[in-house]
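The values are calculated or read from the model by the stated rules, or taken from the named source; none is laboratory data. No experiment lies behind these values; they were computed from the predicted model shown. FYI the Cβ positions are ideal-geometry reconstructions off the backbone, even for glycines, and counts take in every protein chain you see.
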Amino acid sequence: MLRNADISHSSHLAKGVNNVPLFYIHPMILEAKDIRKRYGNLEVLKGVSLSVKRGEIVSLVGPSGAGKSTLLHIMGTLDKPDAGTVTIEGKAINMQNEKWLSAFRNKSIGFIFQFHHLLPEFTALENVCIPAFIGGTNKKQAAEKATELLQLLKLSHRVNHKPTELSGGEQQRVAVARALINNPALIMADEPSGNLDTNNARDLHKLFFELRDKLNQTFIIVTHNEELANMADRTVHMKDGMMV
């Protein structure tokens, strides 16, 4: 069930994750410090630092090859830095082993990519449930939560449809629901509207802000879309592996 504390935007000022008062929770949900990454002779990140507040929507922008996606993947525990530290909800993550990272990623981080990556043999409801199943949630509870999320995202009439029966915008909203199923503390999105037409992209952008207000979600979004970047609470510019 979606908690009342999650649904009310005003209540997140008093309560945070799992109804813990926010004065017990560090205001910075993520802190990346002096992140460096090299692939062979190519230095992709050159000492990048970024802090993100709880409930903030931050966009990362810059030309292709600037290091945006690499930074996002490192902050999302999908890759490891050569140097520097990443802390999420007070946990230093980059020194942890793969088993720990996998469990942490499943529970604490939701991912949205340019391509929805829905499994074609499963319905919308089943696709949304998959991370919950991996996290150990029973089938009934997962289905109830997935149904609520799909209803929230205006897809209640599509729960039993497979990806090929959905429009591009609907597919991406199913992917958003999948990212939210485990009540993650942080959503990381890599060009989430890059594969959508203008109208669906605009709808998706508005959805992110509605989810921030309703569910107190924090978003870090890599994008080339100027409209989305300008809507964000803060825009961080990158070039040649550095913040500019």
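If you go through region 189-206 and keep only what is surrounded by fewer than 20 Cβ atoms within 10 Å (Cβ to Cβ) and either free of Cβ contacts under 8 Å to residues at least 60 places away in the same chain or touching a Leu at 6+ places or on another chain (Cβ under 9 Å) (or both), you end up with Asp197, Thr198, Asn199, Asn200, Arg202, Asp203, Lys206. Selection over region 111-150 of residues that are among the aromatic types (Phe, Trp, Tyr), in contact with a helix residue (DSSP H, G or I) (Cβ under 7 Å, 6 or more places away or on another chain) and not in a helix (DSSP H, G or I) gives a count of 1.
When region 144-168 is filtered for residues that are surrounded by 18 or more Cβ atoms within 10 Å (Cβ to Cβ) and within 19 Å of the chain's Cα centre (by Cα), the ones remaining, listed by number, are Lys145, Ala146, Leu149, Leu150, Leu152, Leu153.
So which residues in region 113-137 are in contact with a Leu (Cβ under 7 Å, 6 or more places away or on another chain) and of a type in the set (S, T, N, Q), if there are any at all? Within region 113-137, Asn127 is the sole residue that qualifies. Given the criteria of a type outside the set (Lys, Arg), modelled with pLDDT of 90 or more and farther than 23 Å from Arg173 by Cα, does Val86 qualify? For Val86, the condition - of a type outside the set (Lys, Arg), modelled with pLDDT of 90 or more and farther than 23 Å from Arg173 by Cα - is met.
In region 172-209, the qualifying residues are those that are in contact with a strand residue (DSSP E or B) (Cβ under 7 Å, 6 or more places away or on another chain) and among the β-branched types (Val, Ile, Thr), and the one that is nearest to Phe133 (Cα to Cα) is Val176.
Among the strands (runs of 3 or more DSSP E) confined to region 161-244, there are none with at least 3 residues that are in contact with a Pro (Cβ under 9 Å, 6 or more places away or on another chain). For region 185-219, a residue qualifies if it is at positive phi and of a type in the set (Asp, Glu), and exactly one does: Glu191. Give me a count of the residues in region 218-239 that are within 19 Å of Leu180 (Cβ to Cβ) and in contact with a Leu (Cβ under 6 Å, 6 or more places away or on another chain). Qualifying residue count for the region: 2.
Among the residues making up region 64-104, those that are on the phi > 0 side of the Ramachandran plot and buried (at least 21 other Cβ atoms within 10 Å of the Cβ) are Gly67, Thr77. Looking at (1) among the basic types (Lys, Arg); (2) closer than 23 Å to Asp213 by Cα; (3) surrounded by 21 or more Cβ atoms within 10 Å (Cβ to Cβ), can you tell me which one Lys107 breaks? The single condition Lys107 does not satisfy is (3).
Listed conditions (1) in contact with a strand residue (DSSP E or B) (Cβ under 6 Å, 6 or more places away or on another chain); (2) assigned to a loop (DSSP other than H, G, I, E, B) are all met by Leu72, apart from (2). The residue list Leu180, Leu125, Leu215 contains one member that is farther than 23 Å from Gly76 by Cα and of a type in the set (A, V, I, L, M, F, W, C), which is Leu125. The criterion of being surrounded by 21 or more Cβ atoms within 10 Å (Cβ to Cβ) and either closer than 26 Å to Lys33 by Cα or polar (S, T, N, Q) (or both) holds for Asn225.
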